[in-house]
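This report concerns only the one structure given below.
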Amino acid sequence: MQQINMVQRHVKLLESLHQHDPNSYQHSLRVATILWKFGKFLNIPKEKLAGLYKLGLLHDIGKLFTDKEVLTKKGKLTDLEYNHIKDHSLNGYKLLKKEGYPQLLLHGVLYHHENYDGSGYPSQISGDNIPWNAQMLRIVDSFDAMTNMRSYKKAFPLEWSINQLNKLRGVWYEPSLVTHFITMVENTDSGHLSDSKKVDDYNRE
């Protein structure tokens, strides 16, 4: 019964995100699938893969508290608007904590915009102080944002996106994880990377 209730909570939260911002909802579905595949590529134990998938689904749930006008704005954000968007990681953490989600997932949501060099948000933690799942999510989240169109940007080519990951290796991203992620991407048909049908086990982004 507890498992059923948790699934119902997932569905309810995602339905709310879909209604509030369809782009964030679709982004979350893609991120969940890629994050799951990344975990499988790294031979992460099966019992942890489900947690990674849930983290991908819920990492941007805090955007429920972000104004729609800001999320869909086509022009450059003001400092106030950007700070409003940055609140989504903390807001998501608070919401999911009230819902009773486990600490590992909560920390993944809270810290998925922390950078390896300490320049991220909300806590400016760095290196191995960033939870492992948040380090993985940081890469996947950025990659999906770069390779898909948004209201405020075009989709960038795969090669350009990979170059950006390499440029920010050790700055935004944990270096060895970047190497593994790029290897996975280069050995996967890019058209199927975020295809959920392949899952056979269970800056403004």
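Bear in mind that the values in this text are calculations on the coordinates, not laboratory data. From a predicted model like this one, the values you see are computed outputs, not experimental measurements. Note that each Cβ is placed from the backbone with ideal geometry, even for glycine, and that neighbours are counted across all protein chains shown.
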Here FRET efficiency (C-beta to C-beta, Lys74 to Gln19, R₀ 25 Å, nearest 0.05) is 0.75
Within the set of other residues whose C-beta is less than 13 Å from the C-beta of Val178, count the net charge using Lys and Arg as +1 and Asp and Glu as -1. +1
Cross-link partners among lysines for Lys37, C-alpha distance below 22 Å, same-chain residues fewer than 8 apart left out? Lys46, Lys48, Lys54, Lys197, Lys198
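Using a ≥ b ≥ c from the Cα gyration tensor of the chain (square roots of the eigenvalues), is it rounded, prolate or oblate, where a/c under 1.5 gives rounded and otherwise the larger of a/b and b/c decides, a/b for prolate?
Rounded.
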Lys/Arg Cβ at +1, Asp/Glu Cβ at -1, dipole of the chain taken about the Cα centre: which of Gln103, Trp132, Ile44 is farthest positive-ward? Gln103
Likely footprinting exposure, Asp21, Asp87, Asp60, Asp128, fewest C-beta neighbours within 10 Å first: Asp128, Asp87, Asp21, Asp60
Say each of Tyr121 and Asn5 gets a label point 7 Å from the Cα, pointing the same way as Cα to Cβ; how far apart are those two points in nm? 3.5
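With an 8 Å cut-off on Cα pairs and a minimum separation of 6 or more residues, tell me the relative contact order of segment 2-198 in percent.
20
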Taking Cα pairs under 8 Å and at least six residues apart, what relative contact order does segment 1-99 come out at, in percent? 27
Two-site FRET efficiency, Lys167 against Lys94, from Cβ-Cβ distance with R₀ of 35 Å, rounded to 0.05: 0.60
Please give the calculated 222 nm ellipticity per residue for the chain, where each DSSP H segment of at least 4 residues contributes -39500 (n - 2.57) and the sum is spread over every residue; nearest 500 deg cm²/dmol? -18500 deg cm²/dmol
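Listed highest first by mean packing, meaning other Cβ atoms within 10 Å per residue, what order do 72-85, 133-146 come in?
Numbers: 72-85: 12.3, 133-146: 23.6.
Answer by packing, highest mean first, reads 133-146, 72-85.
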In the neighbourhood of Pro131 defined by beta carbon distances under 13 Å, the net charge of the other residues (Lys, Arg +1; Asp, Glu -1) is -1
Extension gain, Phe65 back to Asn83 (0.36 nm per residue minus Cα-Cα distance, nm): 5.2 nm
Scalar couplings 3J(HN,Hα) for segment 5-11 by Karplus 6.51 cos²θ - 1.76 cosθ + 1.60 (θ = phi - 60°), nearest whole Hz, x for Gly and Pro, are 4, 5, 4, 4, 5, 3, 4
Near His20, within a Cβ-to-Cβ distance under 13 Å, what is the net charge of the other residues, with Lys and Arg +1 and Asp and Glu -1? -2
